[in-house]
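Data first, discussion second: the structure below is written as structure tokens.
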Amino acid sequence: MILSVRDLSIGFRRIGGDLPAVDKISFDVREGETFVIIGESGSGKSLTGMSIAGLQPATSVTSGSIRFKERELLNRPDAELRRMRGREIGLIYQDPLGSLNPVWPVGDQIAEALRAHGLASGAAAARRAVEMLDRVRIPDPARVATAYPHEISGGMRQRAMIAMALIAGPSLLIADEPTTALDVTIKAQMLELLAELQREMALTIILITHDMGVVAEVADRILVMYAGRVAEIGDADAIMRTPSHPYTAALMTSAMISEAEPKQQLNAIVGVAPGLGSFPDGCHFHPRCPLAQDDCRSFVPPLRRLGDVALACHHPVGSDTALMAEA
Amino acid sequence: MVNFLLKRFAWGILVLLLVAVITFFLSRVVPADPAAFLAGQNASEATVQKIRAEYGLDRPLTEQFVSYMVGLSKGDLGQSIRTRRSVSTDLAQYLPATLELLLVSFTIYLIASFSLAVTAARHPGGFVDGAIRLLTMVGTGIPVFWLGMALQFMFFYKLHWLPIGARFPIRETAPPVVTGFLIIDSMLAGSPSALLGTLKHLALPALTIVINLLAVGTRLSRAALIQEQSRLYVRTARGKGLGPRVILYKHVLRNALSPILTATTMQFGYMISWVILVEVIFDWPGIGLYAYQSFQVFDYSPVIALAIVSTAGFVLINLLMDILYPIIDPRVQSVGS
Amino acid sequence: MSAVLPTARPRRSRPRGVLAPVALLVIVILIAFALVPGLIAPDSPVALNMADRLKPPSFAHLFGTDEGGRDIFSRVVFGTRYSLGVAIAIVFASALFGVVYGAVSGMARGSADNVMMRIVDLFFGFPALVLALAVAASIGRGLGSVALSLTIIWWPGYARLVRGEVLRLRERPHVEAARALGVSNLTILRRHILPFVAQEVNVRVTTDIGYALVAVTALSFLGLGANSPTPEWGLLIRDSRPYFGSAWWYLVFPGTMIMLTATAFSLIGDSLAARRGG
């Protein structure tokens, strides 16, 4: 177990009570696997990912436990976490253009990750940055190293971000929606690249996404998040084959529809995900759930095992065949 | 890029020409008669006529204008009736005083505003941050002339620390003029007492300008810094393990520099325009005071000259900024060319 | 982006909430000064009384007296209508001209807009104080010439602001819809654009009154504005120059009035901007 998260809660301080954004979630990530956290915006998935590296917003309050390689990370002083970021945990983000500093050359920003940890300096760091650009399959890496972020393409920028995240040799990579801003072909290349690098560098990857298509391609295990809670967690194949949580099922249906008709922005889930501070009572999903019953409105479903997966639902899909046919 | 700069340069020349034309006509549609003023109250009509002819004031306006513009193209800014010298000669004497005051003030301002803004941005809501907000709130409403007089009251009348005005102690001999900048000249003359005298005289006018600029400028720098701190690249920088210091100085500051530079340019233009007030209050023998004293006796060539010189200063600063922007922000280059 | 950075809206700092009503009170008092100075000021602003010359503040003379024995408080009260009045006139005239100019420029677009904005740029490069000197030289000294020269350098700011707003608002769906329906440019401007522009302009006008006041008093201080014995604030400070070393009150009170007034208007401008949601 490389990472163990227990009862992690993240909230935002407000006058008149904190706003909960992530509510007591627990999960484990195994060494070398690709662990996917999936959910809509506002589900708390990115916040969860960022908090592992201690990059949650300064206005938030956290509780619970995040253990990485047997060390507790949560609520450590920033100076301690800093030594770990880049060195042991690498991060890539959704918007590579905004995430790169516009006024420094790409190579310099990559080399900076080495210099920050005293792993190399000056020309040696610059040389290793070019090598790293080559490893992320960038053609003409020496030229790209001297280019500014606005001078290279979106796909190249994300590759440069990956180079930056991995150059100091971390064992865990947290990728927050790394393919969202990219078009379909580049997206596929990027996932392929991540998979290759994972093999070459023995990486554990936590991939955060809202895209079921991405999940199907790379996931070993999945955590489905809804409105700050775990909906379903477990083996990717098992969940993809027979989703038990109505929310997972709905996500998969909408993924299938959008794959069949990519132009159509059809959503199989009625309504919108609740925003911060407006989470309903009981099961957070009940207002949009086709299978919701009275108990869903008042009682929070506990997480329980069901074969290869664990899920938090009073009335999982398949427990009532009639309803399943309907769904 | 060169093309762009040439365009900006041509634009600057156009602005200068227009300023010359407008101030010329404004100053010639005058009810008062400078010649009569110069001749004195008891002068005969013949004397006044003679003076008019001497300065070309008896010729038709268009003729005066043409000869003025022709002169201007040769760098001739006309004659001053008051000093009975060519305006160019006068400017050569008075300009260094103004430049010295402006440069010293602006340098101090840049350093002070920069350090204040950085401190405020590092601890938002802290003491310095609050002080800047207070200064900004009250400071923008302080008239610069009143501030100057308040400083005179405190440091001259009450504390007797600093002189009330002028550029150099009256009773002492100034160092020989080499550059016209007294700080440099007194250093060249190897005279510490001359340097001290110079600095003492410089202190109050410079302080007046610095406080006035800080009131407006620091707020802008602080806002630019705080805005840059919320950008995504800051999270990236943290994500690779950089410390807050490196993030602030290497990443945030560099990005905040162009908005700060824009604000600074505006400030400099503003300052050029209002330096007259400071020179009048502190009896500072620069071009502002020179033009103002000439204006009082209806001698307008120096006023037009001041208009042209200060506009030229403003145009130059803008041009300099146009050159600096692409260096500071690589994205500008591709837009400019 | 999903839930990484919640929109943490910074709360308005406390002091402003308290200061805005105070600023409003200051402005109400100033308006009273300007409208009925005779009811508030205890003495004449001009009549000399050599027996009382340069007396420090007392109950009889709240702000002390000047070199002519005149009550400085009375002079300040009577001066409000000159200093503040001219400042308000400058800002209103600039706003009026600038709004028309900016609206025409923004609606015209294309090359006409281009030329009109180039002209505005020209004015921005103009040295304000020197222009004021030149204007005062040609039409003579006085508050009229101060008002004229400051209006000349003030209006371009409004033209630029309004033109920008017009260009932005033109792209709004409801304006585009109106245009598609064949509504005339003038009607679009009047019904769909100007009401929104007005909000921006109101904020700017309020804040600018303070700045204009500082500029007006500066020109008066240089002797370009009112002539003695008009109790204009900048002129009071000019008049105090030979005496303020021994008579601090002569300098302090008129200056404080300028500062207080300018700050009050900029605070009100701030809170207008905040209410508008800016």
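The values are calculated or read from the model by the stated rules, or taken from the named source; none is laboratory data. This is a predicted model, so every value here is computed, not measured. Counting neighbours? That spans all protein chains shown, and the Cβs are built from the backbone with ideal geometry, glycine included. Just so you know, the surface numbers come from the protein's heavy atoms only, side chains and all, with ligands and any DNA or RNA stripped out. Shrake-Rupley method; radii C 1.70, N 1.55, O 1.52, S 1.80 Å.
Descriptive notes on the structure:
- Some residue of the stretch A:187-195 being among the polar types (S, T, N, Q) and open to solvent by 50 Å² or more (accessible area, probe 1.4 Å): yes
- Against the conditions (1) part of a helix (DSSP H, G or I); (2) touching a Phe, Trp or Tyr at 6+ places or on another chain (Cβ under 9 Å); (3) open to solvent by less than 40 Å² (accessible area, probe 1.4 Å); (4) not polar (S, T, N, Q), C:P45 satisfies every one except (1).
- Only one of B:S301, B:S273, B:S310 that is in the same structural domain as B:L72 (by TED's automatic domain parsing) and under 25 Å from C:I237 (Cβ atoms): B:S310
- Failed criterion for C:V203 (all others in (1) at pLDDT 90 or above; (2) open to solvent by 30 Å² or more (accessible area, probe 1.4 Å); (3) more than 14 Å from every other protein chain (Cβ to nearest Cβ) hold): (2)
- Meeting the requirement of 2 or more residues that are in contact (Cβ under 8 Å) with a residue 40 or more places away in the chain and among the β-branched types (V, I, T), the helices (runs of 4 or more DSSP H) wholly within the stretch C:162-247 are C:194-221.
- One residue from B:G197, B:G141, B:G130, B:G190 being in the same structural domain as B:Y109 (by TED's automatic domain parsing), under 22 Å from the mean Cα position of the chain (by Cα) and small (G, A, S): B:G141
- For the stretch C:100-122, the condition holds for at least one residue, the condition being that it is within 24 Å of the chain's Cα centre (by Cα) and buried (at least 24 other Cβ atoms within 10 Å of the Cβ).
- Restricting attention to the stretch C:44-73, the residues being charged (D, E, K, R) and over 17 Å from C:W233 (Cα atoms) number 3.
Listed here are the residues, each with its yes/no results for (1) in contact with a strand residue (DSSP E or B) (Cβ under 7 Å, 6 or more places away or on another chain); (2) without any contact (Cβ under 8 Å) to a residue 12 or more places away in the chain; (3) within 10 Å of chain C (Cβ to nearest Cβ).
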site	(1), (2), (3)
B:Y109	no, no, no
B:A117	no, no, no
B:H123	no, yes, no
B:F127	no, yes, no
B:G130	no, yes, yes
B:G139	no, no, yes
B:V144	no, no, yes
B:L147	no, no, yes
B:Y157	no, yes, yes
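- Check on B:V332, within 13 Å of chain A (Cβ to nearest Cβ), surrounded by fewer than 21 Cβ atoms within 10 Å (Cβ to Cβ) and in contact (Cβ under 8 Å) with a residue 24 or more places away in the chain: yes
- Consider the stretch A:200-225 and keep the residues that are assigned to a strand (DSSP E or B) and β-branched (V, I, T). The one that is nearest to the other protein chains (Cβ to nearest Cβ) is A:I208.
- Residues in the stretch C:48-75 that are part of a helix (DSSP H, G or I) and charged (D, E, K, R) were compared, and the one that is most open to solvent (accessible area, probe 1.4 Å) is C:D52.
- In a residue-by-residue description of the stretch A:123-143, the property of being part of a loop (DSSP other than H, G, I, E, B), without any contact (Cβ under 8 Å) to a residue 24 or more places away in the chain, more than 14 Å from every other protein chain (Cβ to nearest Cβ) and open to solvent by 10 Å² or more (accessible area, probe 1.4 Å) applies to at least one position.
- Condition check for C:V86: modelled with pLDDT of 95 or more and touching a Leu at 6+ places or on another chain (Cβ under 7 Å): yes
- Residues in the stretch B:125-146 include at least one that is surrounded by fewer than 19 Cβ atoms within 10 Å (Cβ to Cβ) and not in a helix (DSSP H, G or I).
- Condition check for B:A224: at pLDDT below 90 and crowded, with 18+ Cβ neighbours inside 10 Å: yes
- Within the stretch C:220-263, the set of residues being charged (D, E, K, R) and more than 8 Å from chain B (Cβ to nearest Cβ) comprises C:E232, C:R238, C:D239.
- Residues located in the stretch A:85-103, provided they are out of contact with any His (no Cβ under 7 Å at 6 or more places or on another chain), open to solvent by less than 60 Å² (accessible area, probe 1.4 Å) and touching a residue at least 24 places away in the same chain (Cβ under 8 Å): A:R85, A:E88, A:I89, A:G90, A:L91, A:I92, A:Y93, A:Q94, A:P96, A:S99, A:L100, A:V103
- Selected residue (criterion: farthest from the other protein chains (Cβ to nearest Cβ)) from residues of the stretch C:267-276 that are open to solvent by 10 Å² or more (accessible area, probe 1.4 Å) and within 10 Å of C:A20 (Cα to Cα): C:L272
- Flag if B:L110 is on the phi < 0 side of the Ramachandran plot and within 28 Å of the chain's Cα centre (by Cα): yes
- Residue among A:D23, A:D28 that is away from chain C (no Cβ under 14 Å) and either of a type in the set (D, E) or closer than 14 Å to A:V61 by Cα (or both): A:D28
- When the stretch C:199-254 is filtered for residues that are more than 22 Å from C:I90 (Cβ to Cβ) and of a type in the set (F, W, Y), the ones remaining, listed by number, are C:Y243, C:F244, C:W248, C:W249, C:Y250, C:F253.
- Tallying residues that are surrounded by fewer than 24 Cβ atoms within 10 Å (Cβ to Cβ) and among the aliphatic types (A, V, I, L, M) within the stretch C:235-256 yields 3.
- Filtering the stretch B:256-270 to residues that are within 11 Å of another protein chain (Cβ to nearest Cβ) and under 26 Å from C:G223 (Cα atoms) leaves B:G269, B:Y270.
- Of B:V252, B:V234, all but one fail to be open to solvent by 10 Å² or more (accessible area, probe 1.4 Å) and either outside any helix (DSSP H, G or I) or modelled with pLDDT of 90 or more (or both); the exception is B:V234.
- For B:L99, the criteria (1) of a type outside the set (D, E); (2) within 12 Å of chain C (Cβ to nearest Cβ); (3) assigned to a helix (DSSP H, G or I) hold in every case but one, which is (2).
- Taken over the stretch B:282-317, the criterion of being open to solvent by less than 10 Å² (accessible area, probe 1.4 Å) and in a loop (DSSP other than H, G, I, E, B) is satisfied by B:F282, B:W284, B:G286, B:D299.
- Test: residue in the stretch A:159-170 that is surrounded by fewer than 23 Cβ atoms within 10 Å (Cβ to Cβ), among the basic types (K, R) and either more than 14 Å from chain B (Cβ to nearest Cβ) or touching a Ser or Thr at 6+ places or on another chain (Cβ under 7 Å) (or both): no
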